[in-house]
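Participant: Questions regarding the structure given below will be posed in turn.
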Amino acid sequence: MSDTSQPPLKMDAIHLGVLIRMLNSAEVRERDLAVRALKEIIPEDITLHLRDPRLAPEAIEYFARHAGERRDWIEALLNNPSLCEEDRALLVATGAALPEPVKDTSEEEQGLNIAQRIQRMNVGQKIKSAMKGDKEYRTILIKDTNRDVYMAVLKNPGLKENEVEMLTKNTGTNVEILRAIANNREWVANRNILNGLVMNPKTPVNLSIRFLSRLGRKEVEFIAKSRSLPVALRNNAKRIISSKVKKK
């Protein structure tokens with residue numbers, strides 16, 4: 001006898017997106033088919049597709065809102081380049097609110113330094129440590145390659161202004177971090193932080209130019225002569241100096 005059984009459902013990110021669209025179908029039959037098909041998919045298999053940029057926006061939004069306590073779903077979605085900012089913020093908040101997983105109390109785990117512990121963390125754990133950890137955690141996690149992790153450091157209530165100042169003076173600091181600092185009124189009220197921002201060639205030039213008028217004459221003169229800074233910034237510094245000379 002020939003085998004008349006149905007072939008297994010092919011499942012990838014694209015087909016998963018189709019199923020989620022079917023959940024909103026006007027046809028009851030299509031909705032029922034989608035519900036049954038989704039129930040047959042192992043949650044761990046879904047995780048494999050959540051980081052795929054081909055996953056439909058409707059599916060990304062659906063799983064972002066149904067991630068619950070599934071850290072693997074949260075981490076996978078946070079690594080999906082198609083994730084929108086609204087869903088990203090939701091997942092970051094959800095991940096930070098989850099209870100910490102049971103920690104390994106073995107001698108090996110206890111003997112690890114902070115850098116080694118961080119290497120063993122998933123994205124959700126890193127975000128939580130970035131928001132609540134001490135200076136050593138902040139110093140390491142601010143250099144993380146994941147945007148949600150390094151931006152979470154800036155939300156840490158223990159972050160000191162001298163740490164922010166060091167970030168503005170470091171040419172290796174991520175541009176997004178510099179932009180966030182520049183848009184924080186409390187931080188830019190600190191003269192050292194303000195100077196650090198304008199003197200950093202990686203600071204977006206429109207922000208540096210905005211702060212020029214708040215600097216002292218010596219700083220503006222230095223900027224006008226500095227070849228390491230953007231031309232637009234140097235030219236604006238020269239205009240400020242020239243206008244002050246004319247007024248005399």
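The values are calculated or read from the model by the stated rules, or taken from the named source; none is laboratory data. Keep in mind the model is a prediction, meaning the values are calculated, not measured. For neighbour counting, all protein chains shown are included, and Cβ atoms are generated from backbone atoms with ideal geometry for every residue, glycine included. We work out accessible area using only protein heavy atoms, side chains counted, and drop any ligands, DNA or RNA first. Shrake-Rupley method; radii C 1.70, N 1.55, O 1.52, S 1.80 Å.
Participant: Has the stretch 139-152 got any residue that is surrounded by fewer than 22 Cβ atoms within 10 Å (Cβ to Cβ), touching an Asp or Glu at 6+ places or on another chain (Cβ under 9 Å) and of a type in the set (K, R)? Give the steps one after another, and end with the answer.
Facilitator: Pass one, the stretch 139-152, residues surrounded by fewer than 22 Cβ atoms within 10 Å (Cβ to Cβ): 139-140, 143-148, 151.
Checking the rest, the ones that are also touching an Asp or Glu at 6+ places or on another chain (Cβ under 9 Å) come to 139, 147, 151.
Subsequent filtering for residues that are of a type in the set (K, R) retains 147.
Yes, the stretch 139-152 contains a residue that is surrounded by fewer than 22 Cβ atoms within 10 Å (Cβ to Cβ), touching an Asp or Glu at 6+ places or on another chain (Cβ under 9 Å) and of a type in the set (K, R).
Participant: Can you pull out the residues in the stretch 210-220 that are open to solvent by 50 Å² or more (accessible area, probe 1.4 Å) and not polar (S, T, N, Q)? Give the steps one after another, and end with the answer.
Facilitator: So the first thing to find is which residues in the stretch 210-220 are open to solvent by 50 Å² or more (accessible area, probe 1.4 Å), and the list is 210, 213-214, 217-218.
Matches in the stretch 210-220: R210, R214, R217, K218.
Participant: Confirm whether R29 is under 18 Å from S82 (Cβ atoms) and at pLDDT 90 or above.
Facilitator: Working: under 18 Å from S82 (Cβ atoms): no; at pLDDT 90 or above: yes.
So R29 does not fit the description; no.
Participant: Consider S228 against the criteria (1) touching a helix residue (DSSP H, G or I) at 6+ places or on another chain (Cβ under 8 Å); (2) farther than 24 Å from L159 by Cβ; (3) not in a helix (DSSP H, G or I): it satisfies all of them except one. Which criterion is unmet?
Facilitator: The one condition S228 does not meet is (1).
Participant: Here's something else I'd like to know. So, in the stretch 145-156, how many residues would count as being assigned to a loop (DSSP other than H, G, I, E, B) and either farther than 16 Å from D134 by Cα or of a type in the set (D, E) (or both)?
Facilitator: Let us first name the residues in the stretch 145-156 that are assigned to a loop (DSSP other than H, G, I, E, B), namely 145-146, 154-156.
Narrowing further to those that are either farther than 16 Å from D134 by Cα or of a type in the set (D, E) (or both): 145-146.
Of the residues in the stretch 145-156, 2 are assigned to a loop (DSSP other than H, G, I, E, B) and either farther than 16 Å from D134 by Cα or of a type in the set (D, E) (or both).
Participant: Of E75, E100, E86, E44, which residue is modelled with pLDDT under 85, within 30 Å of R138 (Cα to Cα) and charged (D, E, K, R)? Show your work before the answer.
Facilitator: Values: E75 fails: modelled with pLDDT under 85; E86 fails: modelled with pLDDT under 85; E44 fails: within 30 Å of R138 (Cα to Cα).
Selected residue: E100, the only one of E75, E100, E86, E44 that is modelled with pLDDT under 85, within 30 Å of R138 (Cα to Cα) and charged (D, E, K, R).
Participant: Might you let me know whether the stretch 59-74 holds any residue that is in a helix (DSSP H, G or I), touching a Gly at 6+ places or on another chain (Cβ under 7 Å) and either closer than 15 Å to I20 by Cβ or among the hydroxyl-bearing types (S, T, Y) (or both)? Even if it seems obvious, please write down each step before you answer.
Facilitator: We begin by selecting, within the stretch 59-74, every residue in a helix (DSSP H, G or I); these are 59-65, 71-74.
Still in the list and also touching a Gly at 6+ places or on another chain (Cβ under 7 Å): 59, 71, 74.
Right, trim to either closer than 15 Å to I20 by Cβ or among the hydroxyl-bearing types (S, T, Y) (or both) and you get 59.
The answer is yes, given that some residue of the stretch 59-74 is in a helix (DSSP H, G or I), touching a Gly at 6+ places or on another chain (Cβ under 7 Å) and either closer than 15 Å to I20 by Cβ or among the hydroxyl-bearing types (S, T, Y) (or both).
Participant: Among the residues of the stretch 111-119, is any among the charged types (D, E, K, R) and within 29 Å of S228 (Cβ to Cβ)?
Facilitator: Here is the first cut: in the stretch 111-119, the ones among the charged types (D, E, K, R) are 117.
From what is left, the residues that are within 29 Å of S228 (Cβ to Cβ) are none.
Scanning the stretch 111-119 turns up no residue that is among the charged types (D, E, K, R) and within 29 Å of S228 (Cβ to Cβ).
Participant: A further question on this structure: Please report, ordered by residue number, the helices (runs of 4 or more DSSP H) entirely within the stretch 157-209 with at least 3 residues that are open to solvent by less than 30 Å² (accessible area, probe 1.4 Å).
Facilitator: Once the helices (runs of 4 or more DSSP H) in the stretch 157-209 are filtered for at least 3 residues that are open to solvent by less than 30 Å² (accessible area, probe 1.4 Å), what remains is 161-169, 175-182, 191-199.
Participant: Working only within the stretch 21-43, note down all residues that are surrounded by fewer than 12 Cβ atoms within 10 Å (Cβ to Cβ), in a helix (DSSP H, G or I) and either in contact with a helix residue (DSSP H, G or I) (Cβ under 7 Å, 6 or more places away or on another chain) or not charged (D, E, K, R) (or both).
Facilitator: So the first thing to find is which residues in the stretch 21-43 are surrounded by fewer than 12 Cβ atoms within 10 Å (Cβ to Cβ), and the list is 24, 26-29, 36, 39-40, 42-43.
Filter once more, keeping what is in a helix (DSSP H, G or I): 28-29, 36, 39-40, 43.
Matches in the stretch 21-43: V28, P43.
Participant: When the residues of the stretch 107-129 are filtered to those that are over 20 Å from R71 (Cβ atoms) and outside any helix (DSSP H, G or I), which remaining residue is modelled with the lowest pLDDT? Show your work before the answer.
Facilitator: Of the stretch 107-129, the ones over 20 Å from R71 (Cβ atoms) are 107-108, 110-116.
Subset that is outside any helix (DSSP H, G or I): 111-113.
Details: G111: 71, L112: 83, N113: 87.
Ranking the qualifying residues of the stretch 107-129, first place goes to G111.
Participant: Do the conditions hold for R217, that is, is it at negative phi and in contact with a helix residue (DSSP H, G or I) (Cβ under 9 Å, 6 or more places away or on another chain)? Lay out the reasoning, then the answer.
Facilitator: Details: at negative phi: yes; in contact with a helix residue (DSSP H, G or I) (Cβ under 9 Å, 6 or more places away or on another chain): yes.
Criteria met by R217.
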